1. Packing-wise, with mean Cβ within 10 Å as the measure, how do 152-165, 181-194 rank, highest first?
2. Once you order the gyration tensor axes a ≥ b ≥ c over the Cα atoms, which shape class does region 26-137 get: rounded for a/c under 1.5, otherwise prolate or oblate by comparing a/b with b/c?
3. In terms of Cα to Cα distance under 14 Å, which aspartates and glutamates are near enough to LYS94, apart from those fewer than 8 places away along the same chain?
4. Search the structure for amide H atoms under 5 Å from the amide H of ALA38, placed 1.01 Å from N in the peptide plane, and list their residues when 5 or more places away or on another chain.
5. Using alpha-carbon positions, what is the distance between the centroids of region 163-205 and region 137-159, in Å?
Amino acid sequence: MRSIGAATTPIPYKTIDIEGFLMFVLGETVCQPQGVKATILPCRDIDVATLEHHNPSPSVHSFHARRFANQTLGDSTYLVAWRERVPVGRAEIKWDGCADDTVKNAHPGVPEINGLEVFPETLRGNGLGTQLVTAAETEATARGLDRIGLGVAQANPAARRLYERLGYHGTHTYLDRYSCLDSLGTWHHFADACVFLSKPLPRQRSRVAATSLVARLRAALTGARPHGPRHM
């Protein structure tokens, strides 16, 4: 048995997850993706052709061009993940919500993360999908929204597990209907069985406060002085 007063080994600072602790207290879900890091920005008109080259549309009608047009109209924000000036992922935030009326009526005012994809397949599983979801959540939080959602195919349980780890929970099942026109002029119609998942978003003020607390706690533990003026 250890004797009373025996020396104990201090816990090294690097094992303390300050961000995780604070976000847990604030009721937020924290995910710090590992692996490939990307820069995520809204699509520009000059990006459409590059996206089409690296991630060709299944239809003769470019869905990259359509999503950029939606962004231009203010109906969505089309996020593109870049790595070394090459697009490696994309996701559209549809500000008017899911196209399915049942889901939309159940979640009024809740935007939908739509068409999320990481490409090529060799880059999947490296945190890029998580980064796109996080970027979409940040965009929604900046608009003062308190919830965001997304649809996932019931035939894709791996994707659903990822979203659930990020704090999303299923609410409604629905059919995601869409059509594609091939190069021969034939229309192909699809209806994928999906489940709509949603997640509450943190208040922007809480996130700012948490960021400030993280900086000050880290400074206190490392002996460094936090940047910026101190407020008493």
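The numbers here are math on the coordinates, done by the rules we state, and not lab data. Values in this document were obtained by computation on a predicted structure and should not be read as measured data. Note that each Cβ is placed from the backbone with ideal geometry, even for glycine, and that neighbours are counted across all protein chains shown.
1. Details: 152-165: 14.3, 181-194: 10.6.
Per-residue mean Cβ counts within 10 Å order the peptides as 152-165, 181-194.
2. Values: a/c = 1.88, a/b = 1.09, b/c = 1.73.
Verdict is oblate for region 26-137.
3. Straight-line reach from LYS94, under 14 Å: ASP75, GLU112, GLU137, GLU139.
4. Placed amide hydrogens put nothing under 5 Å from ALA38.
5. Using only Cα atoms, the two centres lie 10 Å from each other.
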